[in-house]
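To keep things clear, I will list the structure first and then write my remarks on it.
The values are calculated or read from the model by the stated rules, or taken from the named source; none is laboratory data. These figures come from a predicted structure and were not determined experimentally. Backbone-built Cβ (ideal geometry, glycine too); neighbour counts: all protein chains shown.
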Amino acid sequence: MDANRAGAGFSKPQPLSHKIHLDFPLLAGLLALMCISLVVVYSASGESIAMIKSQGIRMLASLFALIFVAQISPTMLRRWAFPLFIAAVGLLVATLLFGHVGKGAQRWLDLGVTKFQPSEAMKLILPVMVAHYITRYALPATLKHVTIGAILIAIPVFLIYKQPDLGTSILVASSGIFVLFLAGMSWKVISSLVISAIPFSIMMWYFFLHDYQRRRVLTFLDPERDPLGNGYHIIQSKIAIGSGGLEGKGWLNGTQSQLEFLPERHTDFIFSVLSEEFGLMGVIALLVIYLFVIARCLYIANNAQEPFSKILAGAITLTFFVYLFVNIGMVSGLLPVVGVPLPLVSFGGTSMITLMSGFGMIMAIHTHRQVNR
Amino acid sequence: MFLRHRTPIRNQTAENALFARRTIIAFCGVVILLFVLVINLYNIQVNSHESYQTQANGNRIKVIPIAPNRGLIFDRNGIVLAENIPTHSLELIPEKVKDLSATINELAHIVSISDEERARFLKSAKRQRRFKSIILKSRLTPEQVAKLSVNLHSFPGVRIEARLKRFYPFGESLTHTVGYVARLNKKDQAKIILDGEEATYAATRDMGRLGIEKYYQKLLHGQPGYREIEVNNRGRIVRILKEELPEHGQDLYLNIDIRLQEKAYQELAGRRGSVVAVDPNNGAVLAMVSSPSYDPNLFVHGISTKNYNKLLSADKPLINRSTMGTYPPASTIKQLMALAGLEANIINEHTSIKDPGWYKLPNVERKFRDHLAWGHGNVDVYRAMEKSCDTYFYDVANRLGIDRISTFMDQFGFGQYSGLDIHEEKRGIMPSRQWKRERHNQPWYPGDTISLGIGQSYWTSTPMQLTNATAIVAVSGKIYRPQLLGASQGRNGLLQLPADEKQPVILKDSYNWEIAKKGMWQVVNSPGGTAYKVFKDANYISAGKSGTAQLISIAADEKYDAKKIRERHRDNAMYVGYAPYDKPEIAITVVVENAGGGSSSAAPLARKIFDIYLDKNVSNNSSLLAGNSMQKKTVSSTSQAGTTHGR
């Protein structure tokens, strides 16, 4: 317990990685995922150089975002938590009121120069906010603080859900819930929540879910119900994965993807392309890299010096896992189709920048070793 | 240790431990859930791999059948009777055309495009895949093709497509013999499914509907090939994986001589009637004409209701009179009646009777009139045939009785299917006691027998049957099943169809054949013979028998007067014959409905056919089916497809 050694000047010399606030093992894992992304997107896009370029540019942008965020110390983050949260909620309300409609949902806010998805920012701001709130008090968090935390979570989740964007609202909700979980929310509360989830979900089904969301769930339960409509995606995806077998059909040789039977193959269903062309072996290789990234992040979280950092890093990591679990579960027929990309591999911009910013926060936590005053 | 923080007292150790615990739980959760994913993927990728592999192939591989080219049909001299010619149609691929209606408007400046064509196009453009070619205008004339071709470069996505369609260059004259093909309809589809031949007809558009086209549908059709292709999710062909070429239909060589066929049809033009000619030595059908007829090409492209209704006229052009027209044979069977009498020893070569111009049964008032009211005087069997004396044959028939007549005539094929290789055929009637009992529920009266002697009463026969009966006499009893098909040419080369010889007619005294033939010779060659004038200056010697079939009964004391009788009720003119007399090569029947006397209206037509067929200078040395010149003349359907034959 050397937390009382206040004099920063006496600490041992910092390694380079700490000076530039990066964690090289984690960075290596992330870059590996990006490489896989480029390889599979190239195949899924029908060997489109243009798409590779565009994906590469996004990766570069998100790397810069990571480096930038990594420079922000957790202390600074805490200072800005509340104003950022208020601003993000405001933007969500603004999106609902004036948002740009794309694919039947209002997710985009047109800022003139670029379009911006406030819900993406919320994926990071919410855990920061909840972690900031909950760690102001002693842990484990009391029921009162958990309840207030839950209200903080519910506001943006509801706003995002109204857009409607089920996928993002699930991810935002889980980022907040993981904070509560890591803050030591009591098992009693957890179990009573799980039990009450059953009547709640029935209520959701009848009163809150949109028709298309209900169809998705029904289709998930029985894809053959609607083989040419909603079930088509799941059926074609499973055919792609299954026909890949153990070793896969080889890069650029996946018939399901190359002949375009697979829908959304470079975005949400990119995992199916990878499975078809690289087989179970390729899939396991990918999962090992993911597991490495998660393990490294949890290691960082556990070694962080104060509760806010620990909880924030843990929550971001677990949310990252939710991404990949929901995506893979969805394309392989374990979960209903909700629009969640395969993190860092799917083609597409906003989610990658958010994710990398999240990893930037984790690196910041690892490298800004401050002491409690 | 600092005592205080801004926050209440915190137990950092406990908090760290709590966090570590929660993290480990979360990490375990992560690992377990990843494991669940992997197990599920293992299930899909390894356990169910084969099933999904099959489904993936089912997605991408499509088998497209390739229709075989229909075999061609030739006459005995290798002249094309049915061929496949490309018909050109103007087609558009919607995907490649920017503005469909603007393009159609521009095309309409080059060729006329009716509102109906435009509407049909737009309708199918909505339903079909956008990269599939859709017909805007079909059956382009060569002029239209030329006009469009020079302008096509400015119309991307517009093209002229050639498809093979059946074409019958000789049109009407052969319709009832060769038949025609027409679009596969629902009935055909049902039959195809019933026969389990879906695979064979998978790519076929047309089906033989009549005559040879129908009877030899299987031979002409061939076997389809297929192309295994890889398609993408929109059905667009990505590449061809495998290709098996179709086995094209066999080419058929008919025994028909188109020269005879055309001549006979021209001669019948505008009249109702039939001409059937066969080779008595093997049953080869040399000509089979039915008039009036219609253009078979109308049916190939789908006949309009208006045109079809025209075919339902009172002249019944749809009926094949050669095999479905049942006519009273009239005097054309007198030589057979003579044979029956000779065989039964009722008459002999020298038996003669006195003909007063009528015949009367003892104790019955009714007179059976001779066509010559004042009678022929003393007639023997030869003179009876030569002059077509009715009274003589009334007597023969009466003395023979119905049983002996019907038994004898059965041998010549009356009342039976001829076995000709088309489906459209009727049996006609060879009456007998049993037949009358079954048909009319009446006993046979002696009076019924008497008019059988001159081929009237209940007796009806098709021209095909009459020709066969004549041929049997010509070759002294040998019987061959009549055949339209002479040879087929398929993958295994040319296959000659052998003559199909039946149980012959054997007479107790074969000299009787000579008597019958001599009688027929006299008809043509004796100055008093009914057909003497017609054949007077022919280069060959023929034999024959004229007939004039009465269609309404005329009272005993009434005189037949053609002018008084409505055209439909006038007599049918008939003639049967064969030539050359000593070595017969052709036997013929000519029937001209409501034309009056056989010798004046039917015999001249027979003469013209004989003239052509027996003209040794031009004719049969080039015959494909007779000579060995076959090899150089054989043309396969494949190489023929696409070329146009003029008439």
Testing A:Leu171 on (1) among the aliphatic types (A, V, I, L, M); (2) surrounded by fewer than 24 Cβ atoms within 10 Å (Cβ to Cβ); (3) away from every other protein chain (no Cβ under 14 Å), one condition comes back false. Which one is that? (2)
Taking the conditions exactly as written (within 20 Å of A:Val172 (Cβ to Cβ) and more than 10 Å from chain B (Cβ to nearest Cβ)), does A:Phe308 satisfy them or not? yes
Within the stretch B:10-27, residues being more than 7 Å from every other protein chain (Cβ to nearest Cβ) and aliphatic (A, V, I, L, M) number 4
So which residues in the stretch B:75-105 are outside any helix (DSSP H, G or I) and either within 14 Å of another protein chain (Cβ to nearest Cβ) or out of contact with any Ser or Thr (no Cβ under 9 Å at 6 or more places or on another chain) (or both), if there are any at all? B:Asp75, B:Ile79, B:Val80, B:Ala82, B:Lys98, B:Asp99
Give the residues of the stretch A:283-302 that are more than 10 Å from chain B (Cβ to nearest Cβ) and either of a type outside the set (A, V, I, L, M, F, W, C) or not in a helix (DSSP H, G or I) (or both), sorted by residue number. A:Arg296
Test: residue in the stretch A:177-188 that is hydrophobic (A, V, I, L, M, F, W, C), crowded, with 19+ Cβ neighbours inside 10 Å, part of a loop (DSSP other than H, G, I, E, B) and at pLDDT 85 or above: yes
Does A:Ala150 satisfy being of a type in the set (A, V, I, L, M, F, W, C) and closer than 27 Å to A:Gly339 by Cβ? yes
In the stretch B:28-74, what count of residues is obtained for those that are more than 7 Å from chain A (Cβ to nearest Cβ), touching a helix residue (DSSP H, G or I) at 6+ places or on another chain (Cβ under 8 Å) and closer than 30 Å to B:Leu184 by Cα? 6
So which helices (runs of 4 or more DSSP H) stay within the stretch B:135-205 end to end and still have 2 or more residues that are hydrophobic (A, V, I, L, M, F, W, C)? B:142-151, B:186-194
Out of B:Asp390, B:Asp403, B:Asp395, B:Asp421, which single residue is buried (at least 24 other Cβ atoms within 10 Å of the Cβ), over 13 Å from B:Leu336 (Cα atoms), in contact (Cβ under 8 Å) with a residue 24 or more places away in the chain and assigned by TED's automatic domain parsing to the domain that holds B:Trp521? B:Asp390
Which of the residues that make up the stretch B:117-134 are among the charged types (D, E, K, R), in contact with a helix residue (DSSP H, G or I) (Cβ under 7 Å, 6 or more places away or on another chain) and outside any loop (DSSP other than H, G, I, E, B)? B:Arg118
If B:Ala330 meets every condition in (1) outside the structural domain of B:Pro580 (by TED's automatic domain parsing); (2) of a type in the set (Gly, Ala, Ser); (3) touching a residue at least 40 places away in the same chain (Cβ under 8 Å) apart from one, which number is that one? (1)
All positions within the stretch A:174-201 that are away from chain B (no Cβ under 14 Å) and closer than 20 Å to A:Val93 by Cβ: A:Gly176
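Quick grid of which residues meet (1) among the β-branched types (Val, Ile, Thr); (2) farther than 30 Å from A:Pro263 by Cα; (3) under 23 Å from the mean Cα position of the chain (by Cα); (4) at pLDDT below 80:
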{"residue": "B:Gly196", "(1), (2), (3), (4)": "no, yes, no, no"}
{"residue": "B:Met207", "(1), (2), (3), (4)": "no, yes, yes, no"}
{"residue": "B:Gln217", "(1), (2), (3), (4)": "no, yes, yes, no"}
{"residue": "B:His221", "(1), (2), (3), (4)": "no, yes, yes, no"}
{"residue": "B:Glu228", "(1), (2), (3), (4)": "no, no, no, no"}
Kindly state which helices (runs of 4 or more DSSP H) lie completely within the stretch B:245-360 and contain at least 2 residues that are of a type in the set (S, T, N, Q). B:258-268, B:305-310, B:321-324
Please work out which residue is nearest to A:Ser37 (Cα to Cα), limiting yourself to the stretch A:311-337 and to residues that are at the interface with chain B (Cβ under 9 Å from one of its Cβ atoms) and either acidic (Asp, Glu) or in contact (Cβ under 8 Å) with a residue 40 or more places away in the chain (or both). A:Ile328
Being within 25 Å of A:Lys249 (Cβ to Cβ), of a type outside the set (Asp, Glu) and more than 8 Å from chain B (Cβ to nearest Cβ) is the requirement here; does A:Ile353 meet it? no
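Results for (1) crowded, with 17+ Cβ neighbours inside 10 Å; (2) among the polar types (S, T, N, Q); (3) in contact with a strand residue (DSSP E or B) (Cβ under 9 Å, 6 or more places away or on another chain), shown as yes or no for each residue.
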site	(1), (2), (3)
B:Lys187	no, no, no
B:Ala203	no, no, yes
B:Tyr216	yes, no, yes
B:His221	yes, no, yes
B:Pro224	yes, no, yes
B:Val238	no, no, yes
B:His248	yes, no, yes
